[in-house]
Amino acid sequence: MDKLAKYRQTIESVLTEYAEIPYRYADLKSHVIVSRDANHYLLMTLGWERDVKVHACIVHVEISNEKIWIHRDGLEDGIALELVAAGIPKHDIVLAFHSPEIRPYTEFAVS
């Protein structure tokens, strides 16, 4: 399996595990949305909390230039650590939710 195929499979697998965790309150459900042709991966929460409609992006990950760009990470411990635990090197993960000025101070790729 080539590098990008592994990255695609790993991202989808990690997000699917999170999507399968049920909510204990409200009428909420998580969905994994994958655009394989554009290399975008989303974890969305949809439903109702009392009388309020919930439509939230929890995680947005993109594969670009052979790196994983994390644009949004609303997970408690962060998807980056899950990806590292699955064997993806930190130098191939960009914490894109940090400004370019901050990225050199993280343990992850700058771009």
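Taken together, the values in this text are just the output of simple stated rules run on the coordinates, not laboratory data. Note that the structure is predicted; figures quoted are calculated from it, not measured. As a convention, Cβ positions derive from the backbone with ideal geometry for all residues, glycine included, and neighbour counts pool all protein chains shown.
Among residues of the stretch 2-26 that are surrounded by 13 or more Cβ atoms within 10 Å (Cβ to Cβ), those with a Cβ under 8 angstrom from a residue that is assigned to a helix (DSSP H, G or I) and of a type in the set (D, E, K, R), sequence gap 6+ or separate chain, pair up as Y7/D92; V14/E82. For the stretch 93-111, the candidate set comprises residues that are aliphatic (A, V, I, L, M) and outside any loop (DSSP other than H, G, I, E, B); within that set, the residue that is farthest from T10 (Cα to Cα) is A109. Pairs meeting the criteria (first residue in the stretch 35-63 and on the phi > 0 side of the Ramachandran plot and without any contact (Cβ under 8 Å) to a residue 60 or more places away in the chain, second residue loosely packed, with under 13 Cβ neighbours inside 10 Å and assigned to a strand (DSSP E or B), beta carbons under 9 Å, at least 6 apart or on different chains) are G47/D27; G47/K53; G47/H55. Sort out which residues of the stretch 44-69 are within 20 Å of G87 (Cβ to Cβ) and surrounded by 15 or more Cβ atoms within 10 Å (Cβ to Cβ), and write them in order of number. Within the stretch 44-69, V59, V61, E62, I63, K67, I68, W69 meet the criteria. Look at R72 and say whether it is under 12 Å from the mean Cα position of the chain (by Cα), closer than 18 Å to F97 by Cβ, surrounded by 11 or more Cβ atoms within 10 Å (Cβ to Cβ) and in contact (Cβ under 8 Å) with a residue 24 or more places away in the chain. Taking the combined requirement at face value, the residue satisfies it.
Just so you know, in the stretch 5-43 the residues that are out of contact with any strand residue (DSSP E or B) (no Cβ under 8 Å at 6 or more places or on another chain) and part of a helix (DSSP H, G or I) include one that is nearest to L81 (Cα to Cα), and it is V14. Looking at this structure, is L83 within 11 Å of the chain's Cα centre (by Cα) and part of a helix (DSSP H, G or I)? Taking the combined requirement at face value, the residue satisfies it.
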